[in-house]
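The values are calculated or read from the model by the stated rules, or taken from the named source; none is laboratory data. What you see is a predicted model, and the numbers here were worked out from it, not measured in a lab. As a convention, Cβ positions derive from the backbone with ideal geometry for all residues, glycine included, and neighbour counts pool all protein chains shown.
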Amino acid sequence: MRTSVCGWMGRAWSVFLVVGAFGLVDARADDPQAWLQKELPRLLPLYQHLHAHPELSLHERETAARIARELKELGIEVTTGVGGHGVVGVLKNGNGPRLLIRTDMDALPVVEQTGLPYASKVKTADPAGDGQVGVMHACGHDIHMTNFVGVARYLASHRDAWKGTVLFVAQPAEEKGLGAKAMLKDGLYQRFGKPDYAIALHVASNLPAGVIGYRSGYALANVDSCDITVFGRGGHGAFPHTTVDPIVQAAQLVLALQTIVAREVDPVESAVISVGSIHGGTKHNIIPDRCHLQATIRSYSPKVREQLKEAIVRKAEGIAASMGAPKPKVEFSEGLPAVYNDPALVDRVVPALQRALGQNRVMAVPPVMGAEDFALYRTDDVPIFMFWLGSVAPKRLKAMEAPISLHSPFYYPDPEPTLQTGITAMTAAALELLSEKSDR
């Protein structure tokens, strides 16, 4: 996920001028923040273990086993192997709403370069078959899991503070966009009950630790991957008139795709088409018979999503026809819908976050063009809310020329303030939605 939202930063710094770096709000002996002060030293070793032992998407065997063990130790009913390595914990506490809290578990094929004492040194076979790759939690899923366990520990030990049922869902393969789909296909809602609400958080590398960011409505984008193979007639580079050149065809197509967003999509809508890969040919003086392009497509509304797909096919076929080339092959895959945070749910949860953390530490932020398969948990009667968790200590963030992106080999969160804020926020959200005043 990429979250380049520079406009957040100015307001984020003012937060700390008003509130102070990591000051707690009205902490009492019996509230989650006071409890967390004692619990955090027990959670940090779990975070460091998860960070040092990452596993790639669809290979989260040991990670899932550790999360399952953590939940079982709390007396939570645990089922493993849901949709692959998915874990579901069910914590029942009388009659009341059913709340789904989700974490993701997978890491990325990145060689860590943070220099942390607990940095990942894991290497594994490249799923693509190209030797070995490093493995790193470069997207903060280690924080997500530790946060998840912290919230589970609080809710399991403070049952007098809430009523209902919590579904703790630890999901595999988020980075491939496969995990949520697999768990739902394996009967997540049918086997464990459809929730009244589903909530999750995600670290933000450009927000200071201690801050929560949220967006009502569209928060993250639709995404589709597109593979285009254009065909021609190969031959000698010295005699181009005897060929139909797919390299030129592909070059024209790359430029033509940019006009879709610039000249076909309503300017008030958001859309992105980026060609990230182009491969064709083998030698300087050989015109090949085909060229392969790979693109990512981003949008928010379903209407624009379909408009982009139609236009890509039309452009590809039109350019091929203009060059007398065969019809190209256009394939769409890895599609995910946009994350749409239910406005009514956001309006209910945000005040609870503000009460727990202080109003100035909970800030509205712009939507981003990153994607998340948490979107798939949403149905007509299951509203969802994913919020951002600042993860870089203010002093460190301020010293950077630009925030280090998620998925970077240099990204790492500052775990103590990040977990302190994340667990406080997620617990506050859960207590609000599991309160007796719930109308669902």
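Contact map, segment 116-128: first residue touching a residue at least 24 places away in the same chain (Cβ under 8 Å), second residue of a type in the set (S, T, N, Q) and not in a loop (DSSP other than H, G, I, E, B), Cβ cut-off under 6 Å, separation 6 or more or different chains; pairs are Tyr118/Gln48.
Only a single item in (1) in contact with a helix residue (DSSP H, G or I) (Cβ under 8 Å, 6 or more places away or on another chain); (2) assigned to a loop (DSSP other than H, G, I, E, B) is not met by Gly150, and it is number (2). For segment 318-349, the tally of residues that are among the basic types (Lys, Arg) and not in a loop (DSSP other than H, G, I, E, B) stands at 2. Taken together, the residues in segment 52-105 that are within 30 Å of Val133 (Cα to Cα) and either in a helix (DSSP H, G or I) or touching a Cys at 6+ places or on another chain (Cβ under 6 Å) (or both) amount to 11. Quick one: would you say Leu397 is part of a strand (DSSP E or B) and either within 23 Å of Leu99 (Cα to Cα) or at pLDDT below 95 (or both)? Here the answer is no, as Leu397 does not meet what is asked.
Annotation note: of Ala182, Ala173, the sole residue that is buried (at least 24 other Cβ atoms within 10 Å of the Cβ) and in contact with a strand residue (DSSP E or B) (Cβ under 9 Å, 6 or more places away or on another chain) is Ala173. Considering every residue within segment 271-291, establish whether at least one is within 15 Å of Asp224 (Cβ to Cβ), in contact with a helix residue (DSSP H, G or I) (Cβ under 8 Å, 6 or more places away or on another chain) and either of a type in the set (S, T, N, Q) or assigned to a helix (DSSP H, G or I) (or both). No, because not a single residue in segment 271-291 is within 15 Å of Asp224 (Cβ to Cβ), in contact with a helix residue (DSSP H, G or I) (Cβ under 8 Å, 6 or more places away or on another chain) and either of a type in the set (S, T, N, Q) or assigned to a helix (DSSP H, G or I) (or both).
The residue that is surrounded by the fewest Cβ atoms within 10 Å (Cβ to Cβ), among those in segment 58-89 that are touching a residue at least 24 places away in the same chain (Cβ under 8 Å), closer than 20 Å to Leu108 by Cβ and of a type in the set (D, E, K, R), is Arg61. Within segment 41-60, the residues that satisfy the criterion of being closer than 26 Å to Ala182 by Cβ and over 21 Å from the mean Cα position of the chain (by Cα) are Leu46, His49. Quick check on segment 136-146. Is at least one of its residues surrounded by fewer than 17 Cβ atoms within 10 Å (Cβ to Cβ), part of a strand (DSSP E or B) and in contact (Cβ under 8 Å) with a residue 12 or more places away in the chain? Among the residues of segment 136-146, not one is surrounded by fewer than 17 Cβ atoms within 10 Å (Cβ to Cβ), part of a strand (DSSP E or B) and in contact (Cβ under 8 Å) with a residue 12 or more places away in the chain, which makes the answer no.
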